[in-house]
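Got a structure for you, questions after.
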Amino acid sequence: MKKEQKIRKIINGTVIDHIKPDCAIKVLSILGNIKDECVIICINAKSKKYKKKDIIKIENKFLKEKEYNELALISPNATISIIKNSKIIQKNNAKIPDFIKGIGKCRNPRCITNYEQIDPEFMVVCKKPIILKCIYCECNTKYIADKEEKIL
Amino acid sequence: MVLKQITHLTSIDNLTKEQINFILDKSKQMLNILNSKKTLNICKGKILACLFFEASTRTRLSFEAAMHRLGGNVIGFADASTSSAKKGESLTDTIKTVQNYADIICIRHPLEGSSKLAAKYCKIPIINAGDGGHEHPTQTLMDLFTIMIKKNTISNLKIGLCGDLKFGRTTHSLLQALALFGNEIICISPEELRMPNEIKDKIQNYGGKIFQTENLNEVINKLDILYITRIQKERFISEKEYLRLKGRYILDKKIMSIAPKNLFIMHPLPRVDEINPEIDNDKRCIYFQQAFFGVPVRMAILEIMLKI
C-alpha cells in the first residue's frame, strides 16, 4: 500500500516530514493558531533513512520564523513542504538558526530574563548537541526538546 | 575617534585594547588632578543616576565622588527597598523612567544580565556597576590601573586569581582583560568554585595563557600579582556549602614570609577572612590604594562616556 493512501493529501498547507519519532506532539504544541484547521498526525511511520519517523500535515497553515526555529530545535532532521493546490511549491530542511528569540528559557536561576517580562534571546553556540548561550547572563543551556533544558 | 563610541559599558568585552589604554591614560590625568587638589567643572550641569539594587560601599561612593570631583550632580538610591522595585516595578520600567532624569546611569543589580537588559531599553549611557555574579567592568579598569601604576605595564605578567572564581564577578571581567593584554593567569580555587567555562570560552582567541590549581602555596612564588577574592556568601543557595568552602585561602604573616618581595596583593574588597589584617601594613598589600583608584578611573569613564 502506498504512503499517500495511508495518510491523505492536503490541498493547501504544510507537511512536516521526518520528525524525530515521538516528537510529533511536541512539534504540534509549538505551532500556533491551528485549532480550526484539519491536522493529520502520523506517529512511528516507517522511514528508509531513520527507520521510524513522525509526520504532521496541517491544512491552511504556513509556518512563521519562530515556528521554523523551534521545529529545528526539536527535530533538526525534519523537512517542511509548503503545499498549494495539492502541489509541493517549496521544500526546506529544518535548519537550526544561529540566534533565537522567544524560545526556551535560560536555566540560570540568577538570570534577569527569569524575572522580567521579556523574550529570552540566545546565541546557538553548538548545534550538536544544541547549546544555547543567553545573550544577557552568557550562561550556556543545553537544549533538550522533550525534557527541561539543562544548565551546563 | 573610536573612543567616543563607548555607548554602554555592560561588559569588559565592550572595550577594545585601545579603548582600555585610552581610559587608563585618562585615569592617570585624573589622578594627577586629584593629587594636585585642583577642581574640575567639566561635568557641570550633568547628572549621574546611581541605581544600586544591591549593597555597595566602594563602587557607589567612588562613582558619586568621581561625579562630584568632575563638578556634576548625583541622584539615585543605595537600597532597592527605597525605590519602586519594592512595589514590584520592573527593571525596564525603572530605566525608562530614570533615563529622563539623568545624563548617565550606573547600575548594580543582584541578577545576572541586568545591565545588558537595562542598556537595551535606555537612550542614555549605562554603566554596569556589578550584575550578580556575572561582571564588574569598572572594577577591572581600576584593577588594571592599579597594576599599571605598580608594575608600569599590564602585559606579560604572571597573575594569580584566587578564591571564589565561580561567583566572583570581578574575576570574570578581570580574566578577560588580562588575557586580552597577553598575561599568564593562574586560577587558584577549589574545584567547586572554578572559573566558569563560559568566561574561559570567551578568551580562547586572546593572547593570554590560563592555568588552574587548588594550591596557593605551590604557585605564590611565581606570581607578580596575587588577586584574592572573598567567597561570595550571597550567591550560594546552600549555607552548608558556603561554610564548607569558606576560609580555604587565608593570607597572613606566615604566607607573606614566603611570598616574593616584588609580589603585590590585590583584593576588590570587602574582605571577610581571606586577608588577615595583620598584613595590612606590608608594602606589598595594595588593596586600599586599589580602592582609592576607583575615583580617578571612574572620573575618566564618566568623562569619556558623557562625551565631554
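Calculate how many DSSP beta bridges within chain B are antiparallel, expressed in % of all such bridges and rounded to the nearest 5.
5 percent
Treat the count of other C-beta atoms within 10 Å as a stand-in for reagent exposure and order B:77, B:167 from fewest to most.
So the residues, fewest neighbours to most, are B:77, B:167.
For segment B:264-285 and segment B:51-81, what is the separation of their C-alpha centers, rounded to whole Å?
If you average the Cα positions of each part, the centres end up 25 Å apart.
Counting only C-alpha contacts under 8 Å and six or more residues apart, can you give the relative contact order of segment A:68-152 as a whole percent? Mind showing how you got there, number by number?
Numbers: 150 pairs, mean separation 18.7, N = 85.
Taking the mean separation of contacting Cα pairs over the length of segment A:68-152, I get 22 percent.
Separate question: Determine which lysines satisfy two conditions relative to residue B:246: a Cα distance under 27 Å, and not lying fewer than 8 residues away in the same chain.
Once the sequence-local lysines are set aside, what remains near residue B:246 is B:158, B:166, B:200, B:222, B:233, B:254, B:283.
Return the Rg/Rh ratio of segment B:264-308 with Cα-based radii and a Kirkwood Rh.
Here the Rg-to-Rh quotient is 1.16.
Calculate one ³J(HN,Hα) per residue across segment B:73-79 by plugging θ = phi - 60° into the Karplus curve 6.51 cos²θ - 1.76 cosθ + 1.60, and present them in order as whole Hz with x for glycine and proline.
After applying 6.51 cos²θ - 1.76 cosθ + 1.60, I find 10, 10, 10, x, 9, 9, 7 Hz.
Further question on the same structure: Taking a ≥ b ≥ c as the square roots of the eigenvalues of the Cα gyration tensor of segment B:123-183, is the shape rounded (a/c under 1.5), prolate (a/b larger than b/c) or oblate?
Since a/c reaches 1.5 but b/c is at least a/b, the shape of segment B:123-183 is classed as oblate.
Rounded, prolate or oblate: which one fits segment B:18-160, using the alpha carbon gyration tensor with axes a ≥ b ≥ c (rounded when a/c is under 1.5, else prolate when a/b beats b/c, else oblate)? Don't jump to the answer; show the numbers that get you there.
Numbers: a/c = 2.19, a/b = 1.44, b/c = 1.53.
Here segment B:18-160 falls in the oblate category.
While we're here: With chain A treated as a Gaussian network of Cα nodes joined by springs under 10 Å, which of A:91, A:64, A:127 yields the largest mean-square fluctuation?
Among A:91, A:64, A:127, the largest mean-square fluctuation in the Gaussian network model of chain A belongs to A:64.
What size of dipole, in debye to the nearest 20, comes out for chain B about its Cα centre when the only charges are +1 on Lys and Arg C-beta atoms and -1 on Asp and Glu C-beta atoms?
800 debye
Count, for each residue of A:137-143, the Cβ atoms from other chains sitting within 10 Å of its Cβ, then give me the mean as a whole number. Intermediate results must be reported in sequence, preceding the final value.
Values: counts 12, 13, 5, 4, 0, 0, 0.
For this peptide, the per-residue mean of nearby foreign Cβ atoms is 5.
I'd like the distance between the alpha-carbon centres of segment B:3-47 and segment B:94-172, rounded to an integer number of Å.
Each part's Cα centre sits 14 Å from the other's.
Where does helix B:137-151 land angle-wise versus the long Cα axis of chain B, in degrees 0 to 90, nearest 10?
Value to nearest ten degrees: 50.
Here's something else I'd like to know. Putting +1 on Lys and Arg Cβ atoms and -1 on Asp and Glu Cβ atoms, find which of B:270, B:247, B:212 reaches farthest to the positive end of the dipole of the protein assembly as shown.
Positive-end residue among those listed: B:212.
Radius of gyration and Dmax for segment A:10-93's Cα atoms, expressed in Å?
11.7, 33
How big is the Cα convex hull of the protein assembly as shown in projection, averaged over all directions, in nm²?
If you wrap the Cα atoms of the protein assembly as shown in a convex hull and average its projections, you get 27.2 nm².
Please build a GNM for chain B, connecting alpha carbons under 10 Å apart, and tell me which residue among B:105, B:220, B:279 fluctuates the most.
In the Gaussian network model the winner is B:279.
Please report the antiparallel percentage of DSSP beta bridges with both residues in the protein assembly as shown, rounded to the nearest 5.
Here the antiparallel bridges make up roughly 50 percent for the protein assembly as shown.
In deg cm²/dmol, rounded to 500, what helix-only [θ] at 222 nm does the protein assembly as shown give when every DSSP H run of at least 4 residues adds -39500 (n - 2.57) and the total is split over its residues?
-8500 deg cm²/dmol
With the cut-off at 26 Å, report for segment B:137-291 the share of all Cα pairs above it, as a whole percent.
Within segment B:137-291, distances greater than 26 Å cover 19 percent of Cα pairs.
Report ³J(HN,Hα) in whole Hz for each residue of segment B:49-56, in order, from the Karplus equation J = 6.51 cos²θ - 1.76 cosθ + 1.60 where θ = phi - 60°; Gly and Pro get x.
Listing the rounded values in order: 9, 9, 9, 10, 7, 9, 4, 7 Hz.
Here's a follow-up. By the gyration tensor of its Cα atoms, with a ≥ b ≥ c the square roots of the eigenvalues, what is the shape of segment B:210-308: rounded for a/c under 1.5, prolate for a/b over b/c, or oblate?
oblate
Going down the list A:9/A:51; A:26/B:123; B:37/B:87, which pairs span over 32 Å between their C-alpha atoms? Let's see the in-between values first.
Values: A:9/A:51 22 Å; A:26/B:123 40 Å; B:37/B:87 43 Å.
Exceeds cut-off: A:26/B:123; B:37/B:87.
Let me ask you something else. Can you tell me the Rg and Dmax of chain B, counting just the alpha carbons, in angstroms?
Just the Cα atoms of chain B yield Rg and Dmax of 18.9, 55 Å.
Let me ask something else. First obtain the Kirkwood hydrodynamic radius of segment A:99-151 from its Cα pairs, then insert it into the Stokes-Einstein equation at 10 °C and 1.306 mPa s, and state the resulting D in µm² per second as a whole number.
Diffusion coefficient, whole number: 146 µm²/s.
Further, regarding this structure: Picking from B:46, B:87, B:202, which is most flexible by a Gaussian network model of chain B using Cα springs under 10 Å?
Per the Cα network of chain B with a 10 Å cutoff, B:87 tops the list.
Any idea how far apart residue A:47 and residue B:93 come out in nm if each label point goes 7 Å out from Cα toward Cβ?
Computed distance between label sites residue A:47 and residue B:93 equals 4.7 nm.
Near the amide H of residue B:74, under 5 Å away, which other amide H atoms are found, from residues 5 or more places off or on another chain, if H is placed in the peptide plane?
Residues meeting the amide H criterion: B:48.
Let me ask something else. If you count, for every residue in B:109-119, the Cβ atoms of partner chains within 10 Å of its Cβ, what is the mean?
Mean shielding count: 6.
Another question, then. May I ask which of A:35/A:91; B:120/B:150; B:46/B:151 have a Cα-Cα span longer than 31 Å here?
Pairs exceeding the cut-off: B:120/B:150; B:46/B:151.
Arrange the following residues from fewest to most other Cβ atoms within 10 Å of their Cβ: B:122, B:43, B:162, A:126.
The most exposed by this proxy come first: A:126, B:122, B:43, B:162.
Cα convex hull of segment B:154-237: mean projected area in nm², to one decimal?
Averaged projected area of segment B:154-237's Cα convex hull equals 5.1 nm².
Moving to a separate point now. Take B:164, B:273, A:54 and order them by how many other Cβ atoms sit within 10 Å, fewest up front.
On the way: B:164 29, B:273 12, A:54 25.
Going from least to most buried by this count: B:273, A:54, B:164.
What does the convex hull of the Cα atoms come to per residue for chain A, in Å³?
Given the Cα convex hull of chain A, per-residue volume reads 113 Å³.
Read the figures in this text as sums done on the coordinates, not as results from a lab. Small disclaimer: the values here were computed from a predicted structure and weren't measured. Virtual Cβ from ideal backbone geometry, glycine too; neighbours counted across all protein chains shown.
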